[in-house]
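Chemist: Could you have a look at this structure, given as structure tokens, before my questions?
The values are calculated or read from the model by the stated rules, or taken from the named source; none is laboratory data. These numbers were taken from a predicted model, which means no experiment stands behind them. Note: ideal-geometry Cβ built from the backbone for every residue, glycine included; neighbour counts use all protein chains shown. Please note that ligands, DNA and RNA were not included when accessible areas were found on the heavy atoms of the full protein model with its side chains. Shrake-Rupley method; radii C 1.70, N 1.55, O 1.52, S 1.80 Å.
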Amino acid sequence: MQTIIFLLIAFLIAIFSVLLYFKTKNSRLNTLLSGECPSCKEKRKTFFDKNTNTTFTSEIINSRVLKNHGCSGVTEVEFSCKNCGLKEVHPINSSSCN
């Protein structure tokens, strides 16, 4: 009886840890896509030139496509931070071939 309870608890811990891993990975991807670094919390900077009425943005996160797996595959994108040097690779779903 104790073995069954122990296995049930271990199974639940394993399931919740996998779900937590995917939640944090998705959260980091959304943060990177919004232009903020999840490590150093640096955001993109916006400058306004009054003489020409132009708004300039200085991006902190650079993105680079590593692999594109065609129409039905995913696109692997590398995100890198200019401030802290963070590099992460995330797969992004491709919607279709256009």
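Chemist: Could you list, in sequence order, all residues of the range 20-69 that are more than 15 Å from Cys84 (Cβ to Cβ) and touching a Cys at 6+ places or on another chain (Cβ under 7 Å)?
Modeler: none
Chemist: Just to be sure I understand, how many residues within the range 42-98 are of a type outside the set (Asp, Glu), in a strand (DSSP E or B) and either under 13 Å from Leu29 (Cα atoms) or within 14 Å of the chain's Cα centre (by Cα) (or both)? Spell out the reasoning first.
Modeler: We begin by selecting, within the range 42-98, every residue of a type outside the set (Asp, Glu); these are 43-48, 50-58, 60-75, 77, 79-87, 89-98.
Retained after the next criterion (residues that are in a strand (DSSP E or B)): 45-48, 54-58, 61-68, 74-75, 77, 79-81, 87, 89-93.
Adding the requirement that they be either under 13 Å from Leu29 (Cα atoms) or within 14 Å of the chain's Cα centre (by Cα) (or both) leaves 61-65, 75, 77, 79-81, 87, 89-93.
Residues that pass the stated criteria total 16.
Chemist: With the requirement that a residue be over 30 Å from the mean Cα position of the chain (by Cα) and part of a helix (DSSP H, G or I), what does the range 1-41 give you? Can you show your working first?
Modeler: Kept after step one, since they are over 30 Å from the mean Cα position of the chain (by Cα), are these residues of the range 1-41: 1-9.
Scanning the range 1-41 gives Gln2, Thr3, Ile4, Ile5, Phe6, Leu7, Leu8, Ile9.
Chemist: Filter the range 64-82 down to the residues that are surrounded by 12 or more Cβ atoms within 10 Å (Cβ to Cβ), modelled with pLDDT of 90 or more, out of contact with any helix residue (DSSP H, G or I) (no Cβ under 8 Å at 6 or more places or on another chain) and not aliphatic (A, V, I, L, M) and list them by number.
Modeler: Glu76, Glu78, Ser80, Cys81, Lys82 - these are the residues of the range 64-82 that are surrounded by 12 or more Cβ atoms within 10 Å (Cβ to Cβ), modelled with pLDDT of 90 or more, out of contact with any helix residue (DSSP H, G or I) (no Cβ under 8 Å at 6 or more places or on another chain) and not aliphatic (A, V, I, L, M).
Chemist: Here's a follow-up. From (1) at pLDDT 90 or above; (2) open to solvent by less than 70 Å² (accessible area, probe 1.4 Å), pick out the condition that doesn't hold for Ser58.
Modeler: (1)
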